[in-house]
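The values are calculated or read from the model by the stated rules, or taken from the named source; none is laboratory data. Here the structure is a predicted model, which is why all the values come from computation and not from measurement. All Cβ positions, even for glycine, are placed from backbone atoms using ideal geometry, and neighbour counts span all protein chains on display. To get the accessible areas, we keep the full protein, side chains included, count just its heavy atoms, and leave off ligands, DNA and RNA. Shrake-Rupley method; radii C 1.70, N 1.55, O 1.52, S 1.80 Å.
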Amino acid sequence: GVDNVNLQQYDAIIPLMSLPYIFKTDLTNIPTIKTPYITTTKKTLEIPKGTIGLFWYGSSHFQNDVNRSIPNEYINDFIGNNLNKQFVSLQLEGLDGIDEFTNIINAKLHMKSIGDTINIINQCDIVITVDSMMAHLSAGVGKPTWVLQSKSCDWRWGKDAKTSMWYPTVTNFRQSTLGDWVSVLDSVTKELQK
């Protein structure tokens, strides 16, 4: 950490998240990310064509996790309301209740590394995820990624934008009221039916 560094040996120290300010970055000059910028060739699990990746529960160590993760009861309703769709769970934890559904594959045992996870993402038609590393992995491989945003989402996704300024394949689905995952998942269901 910075505490262990001799600060006098540097001309300047700039926190990473201050770089857009230093470079005068705004919506007109954000560099376009060319995707995919993450690749892998290793295959650990074959999933059927047309499968939708699903990730709803981030790390509980994240300070805003209580707002960004979706309770299992809502996800179980979502899976049950979309029995005509095939899903693959990209979760490593928070899997309570999904075993009762035949339209979701639990990939947990096949995701021993980020490369394994990327391989599964690459086989999906789309990935539906909360704001987490999974959103960045999926968008980073150029996969159509639907990010389910809390009302108190991270600033990097934009305040109201439907798309992402960073990733061309991202579509945001946003809460209008904090904690209202039902309307977000209803919007996703309607979009899946199109």
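Assorted remarks:
- Percentage of interatomic Cα-Cα distances in the chain larger than 21 Å: 55
- Selected from ARG68, ARG174, ARG156 as most flexible by GNM, with the chain as the system and alpha-carbon contacts under 10 Å: ARG156
- A Förster distance of 30 Å, applied to the separation of the beta-carbon atoms of THR28 and SER152, puts the FRET efficiency at 0.65.
- Area of LEU16 that stays accessible when all protein chains are in place (1.4 Å probe, Å², to 10): 130
- The portion of the accessible surface of the chain made up by carbon and sulfur, rounded to a whole percent, is 54 (1.4 Å probe; DNA, RNA and ligands excluded).
- For the pair segment 48-82 / segment 100-141, the C-alpha centres are spaced 12 Å from each other.
- Difference of contour (0.36 nm per residue) and Cα-Cα distance, LYS162 to GLN8: 51.0 nm
- On the basis of the beta-carbon distance and an R0 of 30 Å, SER183 and ASP125 show a calculated FRET efficiency of 0.80.
- Projected label points at LEU45 and SER60, each 7 Å from Cα along the beta carbon direction, are separated by 2.2 nanometres.
- Reciprocal of mean inverse Cα separation for segment 95-151 (Kirkwood radius, Å): 12.3
- Tail beyond 23 Å, pair distance distribution of segment 112-194 (Cα, percent): 20
- On a per residue basis, the chain carries 59 Å² of accessible surface, using protein heavy atoms and a 1.4 Å probe.
- Semi-axis lengths, Å, segment 64-166, gyration tensor of Cα atoms, sqrt of 5 times eigenvalues: 22, 17, 13
- For the listed residue pairs LYS24/LYS194; LYS34/LYS162; LYS151/LYS190; LYS34/LYS85; LYS42/LYS194; LYS112/LYS159, the alpha carbons are over 28 angstrom apart in LYS24/LYS194; LYS34/LYS85; LYS42/LYS194; LYS112/LYS159.
- Overall, the chain carries a charge dipole of about 680 debye about its Cα centre when +1 sits on the Cβ of Lys and Arg and -1 on the Cβ of Asp and Glu, all other atoms neutral.
- Separation in nanometres of the label points that stand 7 Å from Cα toward Cβ, at LYS112 and GLU100: 3.3
- Residue of SER18, SER60, SER69 that the Gaussian network model of the chain assigns the largest fluctuation, springs spanning Cα pairs under 10 Å: SER18
- DSSP assigns beta bridges within the chain; of those with both partners inside it, close to 5 percent run antiparallel.
- Amide H contacts under 5 Å for THR51: ASP125, restricted to partners 5 or more places along the chain or on a different chain, H placed in the peptide plane at 1.01 Å from N.
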